[in-house]
């Protein structure tokens, strides 16, 4: 649908078997892009022993190469600026440039305000907001130097636009911050034809909450899938389209924003949520 031939994309938070990053990386590759996939470690703990021959980043590299595209894997803690700079340099050295950055990496930990530790607050902000800034800065530097424009696409959340109680203060603050960062960068980078947007998914059945699901299942002596269903079914019932989002739903929007079809769209935060806000 979109021709990204000759483009190089960099996707963070890409190692999870069921995550947004994998779906986005594969969709961009199907549109013709070469892809650098990045995560803090090559195989995430919640994917270990998940069956088959899943090897995290290496498996995604294999999938992209099977589509006839070039691919490169890199590990990086995006909350550390020196690691981000090194990772982007590796991407440029390996594949020649970065035309499209997808800031997908993120963390989500629940903690009520009265017991909210400094450590949890700082971790969530460091990854979700500061890490997004570090990656955008490093990639924008080489985009400006090349002078050929580019795309920076941030992954926000339903909770980038509406707050939620129940231990979500740090997560909401970080994701609200991504929208402000997006708008500011869009204005600053517009003269260089670098477009900056955010995609805001509603709840999607990924592995982001696997640790919480597993802990609840072990505590209650039930199957982990039962815990997932208990959380997901009431939310899906509130969505006008009657289902949770899929990773492919978000990947479709990212592919559009990365394409020439979106050449007059910047500074926006676009919902991919089945009409959920309409029902709030």
Among the numbered criteria (1) at pLDDT 95 or above; (2) outside any loop (DSSP other than H, G, I, E, B); (3) surrounded by 15 or more Cβ atoms within 10 Å (Cβ to Cβ), which single criterion is violated by residue 69?
(2)
With respect to residue 160, determine if the residue is under 14 Å from the mean Cα position of the chain (by Cα), at pLDDT below 95 and within 28 Å of residue 204 (Cβ to Cβ).
yes
Determine which single condition residue 75 fails, assuming it passes every other condition in (1) closer than 28 Å to residue 176 by Cα; (2) surrounded by 20 or more Cβ atoms within 10 Å (Cβ to Cβ); (3) in contact with a strand residue (DSSP E or B) (Cβ under 7 Å, 6 or more places away or on another chain).
(2)
Identify, by number, the condition in (1) surrounded by 18 or more Cβ atoms within 10 Å (Cβ to Cβ); (2) without any contact (Cβ under 8 Å) to a residue 60 or more places away in the chain that residue 158 doesn't meet.
(2)
Being under 22 Å from residue 271 (Cα atoms) and touching a strand residue (DSSP E or B) at 6+ places or on another chain (Cβ under 8 Å) is true for just one of 158, 95. Which residue is that?
158
Give the number of residues within region 3-54 that are modelled with pLDDT under 95, buried (at least 16 other Cβ atoms within 10 Å of the Cβ) and out of contact with any helix residue (DSSP H, G or I) (no Cβ under 8 Å at 6 or more places or on another chain).
2
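The values are calculated or read from the model by the stated rules, or taken from the named source; none is laboratory data. Quantities reported herein were computed from a predicted structural model and do not represent experimental measurements. Because the Cβ atoms are built from the backbone with ideal geometry, glycine has one as well, and the counts that use them run over all protein chains shown.
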